[in-house]
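J.: Pasting a structure here, questions to come.
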Amino acid sequence: MGTFIVRRILVAMSVALTISIVSFMLLHLSGDLATSIAGPEATAEQVEQIRVDYGLDRPIVSQYLDWLGDALTFDFGRSYYYQSTVVDLIVDRMPVTLTLGGLALALAVGISIPLGVLAALKRDTWIDRLALLFAVVGQAMPSFWFGLTLIVVFAVTLQWLPAAGSDGWQHFVLPAIALGYYATPAMMRLTRTGMLEVLESDYIRTARAKGLRTGSVIFKHALRNAIIPVVALAAVELGFMLGGSVVIESVFSLNGLGQLAWDAISRNDYPVVQAVVLIIALFYIVLTLLADVANAALDPRIRTR
């Protein structure tokens with residue numbers, strides 16, 4: 001198990017390094033950063049002065065190494081727009097995004113796994129078809145449109161919940177539903193497929209032949225093996241939620257990392273953009289690593305791969 005974890009950590013570190021290079025290079029390849037920072041009305045002398053002040057006149061490799069060295073100490077520089085350190089901005093906005101992502105994932109898992117198990121047990125019945133219809137609608141419906149629909153129905157018409165803000169738990173209900181429904185179909189379908197495969201395996205037939213209770217067969221033997229790929233998918237979906245929360249945070253006016261990234265992109269605040277991209281990517285990598293370790297703990301065969 002220890003060797004498996006070490007191998008996964010080395011892979012995660014190499015992926016993180018690759019992402020840092022890609023995120024750094026994409027911004028520099030998008031155009032002249034000095035011109036973007038200075039604005040359209042700046043003179044050539046002002047643009048050149050900004051290029052010197054921000055070190056943009058140095059070789060690109062030197063700029064990357066300096067940025068990476070500072071990033072390893074959590075020093076991402078200062079925001080061009082907010083005139084504050086990037087770390088302070090991220091620390092201030094991160095709880096909102098983590099709360100939203102955690103609630104959305106809990107909602108998705110709480111719906112998808114029971115629904116997937118029920119659909120597998122009631123295969124080819126109206127319950128199974130209804131569950132598949134629920135998944136198809138969730139996959140086809142844009143999250144921003146679903147979020148706007150929730151606002152119209154529950155915030156404007158019924159006035160049960162607030163439409164915007166992040167002051168209390170009530171403000172996270174509608175965004176969590178909108179974001180969680182995005183991840184529910186994939187996990188539900190994977191749970192259903194896994195349960196169908198496991199229920200037809202020989203060891204499940206043996207367990208039933210021994211007279212074990214139906215609940216024990218389903219939850220102790222079948223679900224434990226069927227849920228292994230769902231664990232990995234849940235980690236991936238949480239990473240997607242954290243990275244894709246910019247849409248939901250914009251719709252519901254939540255001041256999280258997604259909204260910060262959107263504001264930074266629209267204002268050419270490149271230090272903030274680079275930091276947010278790297279932080280979200282690191283979250284994604286860590287979650288994937290934890291999912292691999294959890295799967296290895298559930299299925300010892302994975303440790304030999």
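J.: Which pairs do you get when a residue that is surrounded by 12 or more Cβ atoms within 10 Å (Cβ to Cβ), found in the range 187-215, comes within reach of a residue that is modelled with pLDDT under 65, reach meaning Cβ atoms under 6 angstrom, with the pair 6+ apart or on two chains?
T.: Going by the 6 Å Cβ cut-off, the qualifying pairs are ALA207/HIS221.
J.: For the range 87-97, state whether one or more residues are under 23 Å from VAL198 (Cβ atoms) and loosely packed, with under 15 Cβ neighbours inside 10 Å.
T.: Checked against the condition, which is being under 23 Å from VAL198 (Cβ atoms) and loosely packed, with under 15 Cβ neighbours inside 10 Å, the range 87-97 yields no hits at all.
J.: Go through ARG7, ARG58 for me and flag whichever is within 25 Å of the chain's Cα centre (by Cα) and either at pLDDT 85 or above or open to solvent by 70 Å² or more (accessible area, probe 1.4 Å) (or both).
T.: ARG7
J.: So, ASP66, is that one without any contact (Cβ under 8 Å) to a residue 24 or more places away in the chain, under 18 Å from ILE280 (Cα atoms), out of contact with any strand residue (DSSP E or B) (no Cβ under 7 Å at 6 or more places or on another chain) and surrounded by 12 or more Cβ atoms within 10 Å (Cβ to Cβ) or not?
T.: Taking the combined requirement at face value, the residue does not satisfy it.
J.: I'd like the residue in the range 119-157 that is part of a helix (DSSP H, G or I), open to solvent by 70 Å² or more (accessible area, probe 1.4 Å) and not hydrophobic (A, V, I, L, M, F, W, C) and, out of all such residues, is nearest to LEU196 (Cα to Cα).
T.: So the residue we want is ARG129.
J.: Is there any pair linking a residue in the range 241-262 that is in contact (Cβ under 8 Å) with a residue 12 or more places away in the chain to one that is open to solvent by 10 Å² or more (accessible area, probe 1.4 Å) and charged (D, E, K, R), with Cβ under 8 Å and at least six apart or on different chains, and which?
T.: ASN255/ARG93; GLY256/ARG93; LEU257/ARG93; GLN259/ARG93; LEU260/ARG93
The values are calculated or read from the model by the stated rules, or taken from the named source; none is laboratory data. A quick note: this is a predicted structure, and the numbers were derived from the prediction, not measured. Cβ: placed from backbone, ideal geometry, glycine included. Neighbour counts: every protein chain shown. Ligands, DNA and RNA are stripped out before the accessible areas are found, and what is left, the full protein with its side chains, is counted by its heavy atoms. Shrake-Rupley method; radii C 1.70, N 1.55, O 1.52, S 1.80 Å.
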